[in-house]
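Written below as structure tokens is the structure these notes are about.
The values are calculated or read from the model by the stated rules, or taken from the named source; none is laboratory data. Remember, predicted model here, so these are calculated numbers, not experimental data. Quick reminder, even Gly has a Cβ in these numbers, built from the backbone with ideal geometry, and neighbours come from all protein chains shown. When the accessible area is computed, the model is the full protein with side chains, heavy atoms only, and any ligands, DNA or RNA have been set aside. Shrake-Rupley method; radii C 1.70, N 1.55, O 1.52, S 1.80 Å.
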Amino acid sequence: MATKALAKVRFFSEQLMVELGQKLVADKKITRPQLEELMSRKALTGESVDILLIRESLVPEIDILKVLSDLTAIPYKPVMEFSVDADAVGRVPAKAALRYHIMPLDLQKGKLTLAVSRVPTLSMVDSVRMLLGLALEWVLCAESDISKSLKHFYGLGAATVGDLIEEKADDIDNLALQETDLAVESGADEGVVKFVNQIIHEAIQMEATDIHIEPFEGRLRLRYRIDGILQEIAIPEGIQHLQKAIASCVKIMAELNIAERRMPHDGRIKVRRGQDEFDLRVSVLPTRFGETVNMRILNRSAMFIEMPGLGLEGKQLPILNDLAALPHGVVLITGPTGSGKTTTLYALLGKLNSREVKIITVEDPIEYQMVGINQIQVHSQIGLSFASILRSILRHDPDIILIGEVRDMETADIAVRASLTGHLVLSTLHTNDAPSAITRMIDMGVEPYLVSSCLEGVVAQRLVRRVCASCQEVMVPDDAIMNEIAETFPDDRLEDANFLKGKGCPDCNFTGYKGRIAIFEIMIMDDLLRGMVVHQKPSNEIKKKAMQHGMVTLRQEGWRRALDGMTSIEEVLRVAHKSELMSFV
């Protein structure tokens, strides 16, 4: 019996579709009446059976591709099983790849491997062979994998940008921005507006938090911040000729003055994608080679997370619940920008929000609107600062006060005195770890005895990226890392541990990571620590004492998540430095 590798390859035909239907019925994937209905619809629409099956969600696409693979002798393989060859990509022009929806994977000895999501027709095979002048080998892959790979390797909007570059694009005053609903069909808009909508749509699709459009000499760079890391997004060659048009289009969407290109601009765009609404906070800055654009993406429906959803491990959730239940005192959340501090604060507020308590927040900006809570937006231009608002809200009899950030001595002093008069104060600070928050408060000018009296707990947090579940593979850390983890977990846990890393695939934009989880370091103030604060002991000594009393550091918590297979060794090393453990040894 001939193997699939030696069998004669078949291409698309009506007979092949008939055999596909019969095989699916024989395998009990669909019923005979379902197949007959599909064949009737095919006669009316002219669409092939495989497309109708996928569109109606009658059979998973992968199952269809596997059956077609058996019938045609074209192997089915996910894109992630290949290391995409740059030479192969370079041999296929973007227009051809997009027109035929083919993804070049490998080029070996004059033979080019191409991935397709549908069995190619004989005429398509001949056309591609004549165009490329190479022997071809075909592989079946999921349609989503090919689409993501084409965008990654050929650039966002490559299908339409070529035509745009040939037109005059420096002046878009006559372009009418009719549509900010990102659910429109791909061909609904034309020109620069369509390309900008593609940029926004793709950023939301990839769950980016920021879009960066940056002009440089001779090139334009597009980057998305995904899972806290900037990733460069491929865009077609020649797009730099449209940089003024792109910046002007964004300014029109944000209702900014497109004629003024010498001054910074700030605006807002509201867009809709399906049932979700997004706020895009736009900032435009003049640079040497043109205007650079940043768009911060806020999804209001996804901002709020309940306490159990924060990812607190073991005893950490009860400890944080106890801090939130205190009648008065100061609780601080610390970490760098983008570490999830605001999300944690909103989760705390969601737990505390009830009819029995009055909560007032002072924020800059208000990122999530919460029913039942009085939220105040800071406007420093008119003198409405954190400190001035705090002085006024104390006369409104609040039980709980949230301060977006303690930025200066005046704000810190009012927050401390509010806690001493019976209020629970929640706020954030920018410090590297939990004990450093004490030093920061004292450096701001708050008396050590006041910090000792009012501070109840400090939560330091970071966000680490999750290893992509689609392309994860086992890796072996070096001996130094293994020794450090063994010191942290002296039990037998390392014997069966599998440390993971991501290989990179279309699902994770070839980064190896998809999504993020938080790691926490929670320091609870006790009498010993309060005494050390009064005597102004350095933060490393305070940290050492807190660890002796059970505090788990960020790095230790990171190793725990790596042992659980949630994140990688590299991510822990990136967000939690070794000095956090060694500074007090």
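Screening ILE252, ILE258, ILE239, ILE229 for residues that are open to solvent by 20 Å² or more (accessible area, probe 1.4 Å) and at pLDDT below 90 leaves exactly one candidate, ILE258. Taken over the stretch 213-225, the criterion of being touching a residue at least 24 places away in the same chain (Cβ under 8 Å) and open to solvent by less than 60 Å² (accessible area, probe 1.4 Å) is satisfied by ILE213, GLU214, PRO215, LEU220, LEU222.
Out of GLY422, GLY457, one residue alone is surrounded by fewer than 16 Cβ atoms within 10 Å (Cβ to Cβ), under 23 Å from THR344 (Cα atoms) and in contact (Cβ under 8 Å) with a residue 60 or more places away in the chain. It is GLY422.
Could you tell me whether any residue of the stretch 208-219 is modelled with pLDDT under 90 and touching a Cys at 6+ places or on another chain (Cβ under 8 Å)? For the stretch 208-219, residues modelled with pLDDT under 90 and touching a Cys at 6+ places or on another chain (Cβ under 8 Å): absent.
Annotation note: Cβ proximity below 7 Å between a residue of the stretch 494-510 that is on the phi > 0 side of the Ramachandran plot and aromatic (Phe, Trp, Tyr) and a residue that is open to solvent by less than 80 Å² (accessible area, probe 1.4 Å) and assigned to a loop (DSSP other than H, G, I, E, B) (sequence gap 6+ or interchain) occurs for PHE510/GLY504.
Against the condition more than 23 Å from ALA234 (Cβ to Cβ) and either hydroxyl-bearing (Ser, Thr, Tyr) or touching a residue at least 24 places away in the same chain (Cβ under 8 Å) (or both), how does LEU52 come out, does it pass? No.
In this entry, SER470 passes the filter for residues that are touching a helix residue (DSSP H, G or I) at 6+ places or on another chain (Cβ under 8 Å), over 28 Å from ASP526 (Cα atoms) and of a type in the set (Ser, Thr, Tyr). Residues of the stretch 500-552 that are of a type in the set (D, E, K, R), under 30 Å from VAL476 (Cα atoms) and open to solvent by less than 70 Å² (accessible area, probe 1.4 Å): ASP507, GLU521. Within the stretch 297-326, the only residue that satisfies the criterion of being open to solvent by 30 Å² or more (accessible area, probe 1.4 Å), more than 20 Å from the chain's Cα centre (by Cα) and within 19 Å of GLY372 (Cα to Cα) is ALA325. Every listed requirement among (1) of a type outside the set (Gly, Ala, Ser); (2) outside any loop (DSSP other than H, G, I, E, B); (3) within 20 Å of VAL459 (Cβ to Cβ) is met by ILE414 save one, (3).
Quick test for you: out of GLY228, GLY309, pick the one residue that is closer than 27 Å to VAL575 by Cβ and free of Cβ contacts under 8 Å to residues at least 40 places away in the same chain. Selected residue: GLY309, the only one of GLY228, GLY309 that is closer than 27 Å to VAL575 by Cβ and free of Cβ contacts under 8 Å to residues at least 40 places away in the same chain. Taking each residue of the stretch 395-418 that is surrounded by 16 or more Cβ atoms within 10 Å (Cβ to Cβ) and modelled with pLDDT under 90 and looking for partners that are in a loop (DSSP other than H, G, I, E, B) and of a type in the set (D, E, K, R) with beta-carbon atoms closer than 7 Å, six or more apart or interchain, yields GLY404/ASP364.
Per the conditions (1) out of contact with any Gly (no Cβ under 8 Å at 6 or more places or on another chain); (2) in contact (Cβ under 8 Å) with a residue 60 or more places away in the chain, the sole criterion not satisfied by GLY338 is (1). So, in the stretch 310-343, of the ones that are modelled with pLDDT of 90 or more, of a type in the set (Val, Ile, Thr) and in contact with a helix residue (DSSP H, G or I) (Cβ under 8 Å, 6 or more places away or on another chain), which residue ends up nearest to ALA437 (Cα to Cα)? Among residues in the stretch 310-343 that are modelled with pLDDT of 90 or more, of a type in the set (Val, Ile, Thr) and in contact with a helix residue (DSSP H, G or I) (Cβ under 8 Å, 6 or more places away or on another chain), the one nearest to ALA437 (Cα to Cα) is THR334. Note on the stretch 58-84: residues that are open to solvent by 50 Å² or more (accessible area, probe 1.4 Å) and either touching an Asp or Glu at 6+ places or on another chain (Cβ under 6 Å) or farther than 20 Å from LYS148 by Cβ (or both) total 3. The lone criterion from (1) assigned to a helix (DSSP H, G or I); (2) farther than 22 Å from GLU202 by Cα; (3) not basic (Lys, Arg) left unmet by THR113 is number (1). Being open to solvent by less than 50 Å² (accessible area, probe 1.4 Å), aliphatic (A, V, I, L, M) and under 20 Å from ILE233 (Cβ atoms), is that true of even one residue in the stretch 139-154? Looking for residues that are open to solvent by less than 50 Å² (accessible area, probe 1.4 Å), aliphatic (A, V, I, L, M) and under 20 Å from ILE233 (Cβ atoms), one finds at least one in the stretch 139-154, hence yes. From the list THR511, THR488, the one residue that fits, being over 30 Å from SER83 (Cα atoms) and either in contact with a Lys or Arg (Cβ under 7 Å, 6 or more places away or on another chain) or of a type outside the set (A, V, I, L, M) (or both), is THR488.
Name every residue in the stretch 88-107 that is modelled with pLDDT under 90, over 19 Å from PHE12 (Cβ atoms) and open to solvent by 50 Å² or more (accessible area, probe 1.4 Å), in order of residue number. Within the stretch 88-107, GLY90, PRO93, LYS95, LEU98 meet the criteria. Residues in the stretch 40-77 that are under 18 Å from VAL116 (Cβ atoms), in a loop (DSSP other than H, G, I, E, B) and either modelled with pLDDT under 85 or β-branched (Val, Ile, Thr) (or both): 1 in all.
Okay, residues lined up against (1) among the aliphatic types (A, V, I, L, M); (2) at pLDDT 90 or above; (3) surrounded by fewer than 18 Cβ atoms within 10 Å (Cβ to Cβ):
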| position | (1), (2), (3) |
| --- | --- |
| HIS379 | no, no, yes |
| PHE386 | no, no, no |
| ILE393 | yes, no, no |
| THR428 | no, yes, no |
| ALA434 | yes, yes, no |
| ALA437 | yes, yes, no |
| VAL446 | yes, yes, no |
| SER452 | no, yes, no |
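Taken over the stretch 108-128, the criterion of being open to solvent by 30 Å² or more (accessible area, probe 1.4 Å) and either within 19 Å of ALA73 (Cα to Cα) or out of contact with any strand residue (DSSP E or B) (no Cβ under 7 Å at 6 or more places or on another chain) (or both) is satisfied by GLN108, LYS109, LYS111, ARG118, THR121, LEU122, SER123, MET124, ASP126, SER127. The residue of the stretch 265-289 that is farthest from HIS241 (Cα to Cα), among those that are over 22 Å from the mean Cα position of the chain (by Cα) and surrounded by 20 or more Cβ atoms within 10 Å (Cβ to Cβ), is HIS265. For the stretch 190-209, residues that are surrounded by 19 or more Cβ atoms within 10 Å (Cβ to Cβ) and assigned to a strand (DSSP E or B) total 1.
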